[in-house]
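The values are calculated or read from the model by the stated rules, or taken from the named source; none is laboratory data. This structure is a prediction, so every number in the text was calculated from the model and none was measured. All Cβ positions, even for glycine, are placed from backbone atoms using ideal geometry, and neighbour counts span all protein chains on display. Just so you know, the surface numbers come from the protein's heavy atoms only, side chains and all, with ligands and any DNA or RNA stripped out. Shrake-Rupley method; radii C 1.70, N 1.55, O 1.52, S 1.80 Å.
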Amino acid sequence: QDTEFQPAGAVWARPSTWLRDHGPVSVDYLRRHLSVVRELHSRVISVEYSSSDPKKAATAANRIVAAFTESHDVQKRDELERELAQLDKQIPEAKDELERAESLLRAYRNAHGIAEPNQTDQINQQLAALTSQLALAKSDSYGHPAQQPGRQFLPGQSESRDSILQDADGIGHDARIRAIQRRLAIVQSAKKQVDAAEIPMRELARQEAASLEHYNEMLRHQNELREQMAMAVPDIHVISAAVPPVQPSSPNPLLFIFPALVFSAAAGTLIALAAERLDRGLRSEREVEDALGIPCIGLVPELHRNAKDRPHHQLRVEPFGVYTEAIRSTVAAALRLGSLNGDTKTILVTSSVPREGKTTLAVSFAVYAALLRPRVILVDFDFRHPATLRELSGEIERNPGACVFDLFSRGRPVEEAIQRIPGTSLDYLPVGGRPVDPLHLFAREEIRSLLSHLRENYDCVVIDSPPLLAVTEARLLASMADKILFVVQWGNTRRELAQSAMNFLRNPGLLEKDCSICARAVVTQVNLKKHALYRYGDSGECYVKYRKIYS
């Protein structure tokens, strides 16, 4: 219960000793190594200081507690002194206020003739006594002969000497009653005056009592503060001082480096394996070939989203760019330019689901093929959601004329519906948009006849087809094409979806032949920087590594 309590083995240090032994330290340094914790729900506070030196740790903890206790006592004494000094200024003012209240009350009493505080009681006693005397006198007057009613004298009859005395006595009794009444009236008037003057006097008396109570309370509080300063009893006690610990509170952090590295490596390996298992997307050429069972002939990189030009414009703007090189590789493989019998004319571009870059690849493929062969046409066979015209927006306008199948059935030339794409030798034929069941066109052999007509008049026919899993006519178109480019979006197309789409191409029940034989996969929207990090060793990695040499 004493702040100077120092158990055996405790270490206390003065500031000068601390500076000599340990040197100066910053406040931030102390805060990082200091811990102040309240013990459960008690009023006990535990102060801990961590250091590599046991003696330094104990010295710092004890010194911090001593400094806090000392500063708390000084602060408490300063507060008492400030409060006592304030009271010393207020007590004379309270005394002056009390004297003013007493003077006002005394002056008011003198001005209204209320010299004594109990004057009202005296007047009330006089009033009661006079009222009693008047009542007694009146009761006596009723028994007097002179006051009795009906007293008469007969003619010739004279009053006797006793009668005259009785009348004189009655006259004296009446005078006494009137005297009492006069005195009673005077006392009543005085009472009214006193009652009227007592209302302000009571307020002055209340103010005097309040000033007296305030003055006495300040005197009592002044005495209490002086007693507290004289006793100087601290309200903070050191229960137990810190002693140098015999063993460290925690192991050396360097010992955790090797286990942490092992744990991190194991956790990283597990996370990588889990991510690999959960990731069902296709990224490399080898993954596509293993999953689909068809060759992968190209990796088409994604272009910056803020690019002003359309992707097929890159073929003219950057003829040796990465995107142009990828399209060049796809065209060369699809058209079998290295083969002696390059008889591939009809190229079908499709995918498993929408929004995988199918239309963009079809337009870019057709634009580049038009640079190699004189007669190339791009046909949009997506009857439900034609997207080729949107990809070529600003270059050609929608033809409001008759449908190509109406022209073809009436024997009119199909060329009336064909449009030339400005700046290229590429023709464009839109066939979608007619509100009719597309299977009717297949049943009447109109589509097959149209494709045969185009094969006769063009060196290469590029068909933008609907997705295989979403639209039935896409599977029928596959059997009419010489080559199928199956689009897989990099890292986004799920393995199961792509495999289901390829199963449709292998299904002999719907198609006349196994179309997967002429199918080739193309991976689109490849993030080359991320792709190179996988180190697949394919063309995508070479695009990034040797881009500056061949671009």
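Some points to look at:
- Selection count, segment 303-325, where residues are closer than 22 Å to Pro422 by Cα and part of a helix (DSSP H, G or I): 9
- Some residue of segment 506-515 being open to solvent by less than 30 Å² (accessible area, probe 1.4 Å) and modelled with pLDDT under 90: yes
- Hits in segment 182-220 (condition: open to solvent by 60 Å² or more (accessible area, probe 1.4 Å), under 15 Å from Leu87 (Cα atoms) and either at pLDDT below 80 or of a type outside the set (Asp, Glu) (or both)): His214, Arg220
- Here Gln119, Gln90 are screened, and the one residue that is polar (S, T, N, Q), surrounded by 13 or more Cβ atoms within 10 Å (Cβ to Cβ), over 30 Å from Ser35 (Cβ atoms) and modelled with pLDDT under 85 is Gln119.
- Ser264 among the hydroxyl-bearing types (Ser, Thr, Tyr), open to solvent by 50 Å² or more (accessible area, probe 1.4 Å) and either under 30 Å from Ser352 (Cβ atoms) or assigned to a loop (DSSP other than H, G, I, E, B) (or both): no
For (1) over 60 Å from the mean Cα position of the chain (by Cα); (2) charged (D, E, K, R); (3) not in a strand (DSSP E or B), each residue gets a yes or a no:
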| residue | (1), (2), (3) |
| --- | --- |
| Leu450 | yes, no, yes |
| Pro467 | no, no, yes |
| Ala474 | no, no, yes |
| Leu485 | no, no, no |
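- Residue list for segment 273-282, restricted to those being in a helix (DSSP H, G or I) and open to solvent by 60 Å² or more (accessible area, probe 1.4 Å): Leu273, Glu276, Arg277, Leu278
- Segment 35-61, subset of a type outside the set (Ser, Thr, Tyr) and more than 42 Å from the chain's Cα centre (by Cα), residue surrounded by the most Cβ atoms within 10 Å (Cβ to Cβ): Ala58
- The single condition from (1) among the hydroxyl-bearing types (Ser, Thr, Tyr); (2) in contact with a strand residue (DSSP E or B) (Cβ under 8 Å, 6 or more places away or on another chain); (3) farther than 20 Å from His237 by Cα that Tyr49 fails is (3).
- Here the condition is being in a strand (DSSP E or B) and surrounded by 14 or more Cβ atoms within 10 Å (Cβ to Cβ); of Val331, Val300, it holds for Val300 alone.
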